[in-house]
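Okay, structure first, notes after.
The values are calculated or read from the model by the stated rules, or taken from the named source; none is laboratory data. Not measured: the values here are computed from a predicted model. Because the Cβ atoms are built from the backbone with ideal geometry, glycine has one as well, and the counts that use them run over all protein chains shown. Heavy atoms of the whole protein, side chains included, go into the accessibility calculation; ligands, DNA and RNA do not. Shrake-Rupley method; radii C 1.70, N 1.55, O 1.52, S 1.80 Å.
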Amino acid sequence: QLVLAILVTFVVAGSQLTRCFAAAKADVAAGGERDTLCARFRVLPSALGLTLGYSWNLVATYCISKWQEGLESAHAKFFVQFGYSAVVGLAVQQITIMVSRRLAAAHADDTSSFAKKHATVLTVLTTSIAFLQAWALLDVLDDFFFSVCYGCSGPTTCSYQSNLIFATVVSFVFSKLAYVLRFTVDEDSESETSEALLINSMLLVAGWAWKNFFETWKTAIAGSVEGVDEFWSIFVMLNFVWILCACVYHFFLDIRRGRDRMRRQMLDGIGHTAEAGYKHSCKPREQCDAKRETE
């Protein structure tokens with residue numbers, strides 16, 4: 001597991017240090033005709049943070065998993081996982097804050113090619129440890145909900161009904177909490193970093209909870225349908241999930257675009273109102289310009 005984690009880290013970091021990745025990243029950022037499908041595929045290494053975090057989480061939780069295997073009580077396993085999650089959460093926050101300060105100082109003092117590569121490596125490392133906190137939060141919630149409350153060894157051994165309840169609850173609670181954190185006025189960059197890590201953890205927990213629900217539901221369907229080959233039942237299930245997720249994503253994307261459109265219209269309306277106020281409050285153009293500069 002350690003060798004695999006190191007190998008994945010070198011592959012992800014090395015691919016982001018290439019000129020091909022840098023050029024594709026610039027094309028995607030520029031948008032328009034430069035933002036092509038080929039450019040999107042070339043920046044895929046930047047989206048492998050979840051894979052990187054998962055590989056390092058296997059290494060970090062190896063001893064904890066062995067410790068929990070020797071415990072019979074579900075409550076004891078939960079408290080071990082809770083202590084590990086608390087330690088990892090604090091450590092990840094402190095390391096990320098320290099690295100963020102170093103990146104900000106390096107970006108301000110040195111803009112050379114070596115400095116950019118160094119910043120890329122640090123960004124990859126912070127991404128991987130950020131997912132350590134996310135996996136730790138997911139594991140402690142899984143242990144409490146499924147092991148302590150339902151008596152299961154994990155989410156995949158419980159019913160799909162319990163997984164549906166868990167996914168619905170964490171999605172609702174975390175969406176409300178993320179909304180509050182997103183619009184909280186932060187006084188310093190450290191608070192912003194902590195909130196970004198927390199939101200990242202909540203996103204992973206909610207997404208993985210729904211993944212477990214669909215997986216257990218797929219298993220239940222495959223075992224309950226008689227006279228139908230298991231391959232076709234799973235095939236129909238996966239297509240249904242794919243269409244459902246696409247529709248839900250499109251629905252929320254339309255809502256987000258509508259809100260952005262309304263926000264731009266409100267800002268444009270405020271700008272036109274202010275401009276009209278200037279025109280009515282000062283007749284000569286020179287007086288209007290002077291008043292605008294003063295304000």
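Could you please find all residues in the range 176-198 being open to solvent by 40 Å² or more (accessible area, probe 1.4 Å) and modelled with pLDDT of 75 or more? Break it down into steps so the answer makes sense when it comes.
First, the residues of the range 176-198 that are open to solvent by 40 Å² or more (accessible area, probe 1.4 Å): 176-177, 179-180, 182-192, 196, 198.
176, 177, 179, 180, 191, 192, 196, 198 - these are the residues of the range 176-198 that are open to solvent by 40 Å² or more (accessible area, probe 1.4 Å) and modelled with pLDDT of 75 or more.
Among the residues of the range 148-175, which ones are part of a helix (DSSP H, G or I), closer than 24 Å to residue 50 by Cα and either small (Gly, Ala, Ser) or open to solvent by less than 40 Å² (accessible area, probe 1.4 Å) (or both)? Reasoning before the result, please.
Taking the range 148-175 first, the residues part of a helix (DSSP H, G or I) are 148-149, 155-157, 160-175.
Next cut, closer than 24 Å to residue 50 by Cα only: 155-157, 163-164, 166-175.
Of everything in the range 148-175, those that are part of a helix (DSSP H, G or I), closer than 24 Å to residue 50 by Cα and either small (Gly, Ala, Ser) or open to solvent by less than 40 Å² (accessible area, probe 1.4 Å) (or both) turn out to be 155, 163, 166, 167, 170, 171, 174, 175.
Working only within the range 56-78, note down all residues that are crowded, with 17+ Cβ neighbours inside 10 Å, in contact (Cβ under 8 Å) with a residue 60 or more places away in the chain and part of a helix (DSSP H, G or I).
Taking the range 56-78 first, the residues crowded, with 17+ Cβ neighbours inside 10 Å are 56-57, 60-61, 64, 68, 74, 77-78.
Add one more test, that the residue is in contact (Cβ under 8 Å) with a residue 60 or more places away in the chain, and what stays is 56-57, 60-61, 74, 77-78.
Scanning the range 56-78 gives 56, 57, 60, 74, 77, 78.
Can you confirm whether the range 215-225 contains a residue that is modelled with pLDDT under 75 and hydrophobic (A, V, I, L, M, F, W, C)? Quick ask: steps written out before the conclusion?
Residues of the range 215-225 that are modelled with pLDDT under 75, as a first pass: 222-225.
Pick out the ones that are also hydrophobic (A, V, I, L, M, F, W, C) and you get 222, 225.
Yes, there is a match, as at least one residue in the range 215-225 is modelled with pLDDT under 75 and hydrophobic (A, V, I, L, M, F, W, C).
Report, by residue number, each residue of the range 54-84 that is within 24 Å of the chain's Cα centre (by Cα) and over 26 Å from residue 3 (Cβ atoms).
Result: 82, 83.
Output the residues belonging to the range 54-110 that are at pLDDT below 85, farther than 20 Å from residue 130 by Cα and aliphatic (A, V, I, L, M).
105, 106, 108
Which numbered condition in (1) open to solvent by less than 70 Å² (accessible area, probe 1.4 Å); (2) of a type in the set (Ser, Thr, Tyr); (3) under 20 Å from the mean Cα position of the chain (by Cα) is the only one that residue 51 fails?
Of (1) open to solvent by less than 70 Å² (accessible area, probe 1.4 Å); (2) of a type in the set (Ser, Thr, Tyr); (3) under 20 Å from the mean Cα position of the chain (by Cα), only one is false for residue 51: (1).
Looking at the range 129-147, which of its residues are open to solvent by less than 30 Å² (accessible area, probe 1.4 Å) and of a type in the set (Val, Ile, Thr)?
Passing the criteria: only 140.
Test of understanding: among 39, 29, which residue is part of a helix (DSSP H, G or I) and open to solvent by 60 Å² or more (accessible area, probe 1.4 Å)?
29
Counting only residues that are assigned to a helix (DSSP H, G or I) and polar (S, T, N, Q), which one in the range 11-26 is nearest to the chain's Cα centre (by Cα)?
Across the range 11-26, the extreme among qualifying residues is 16.
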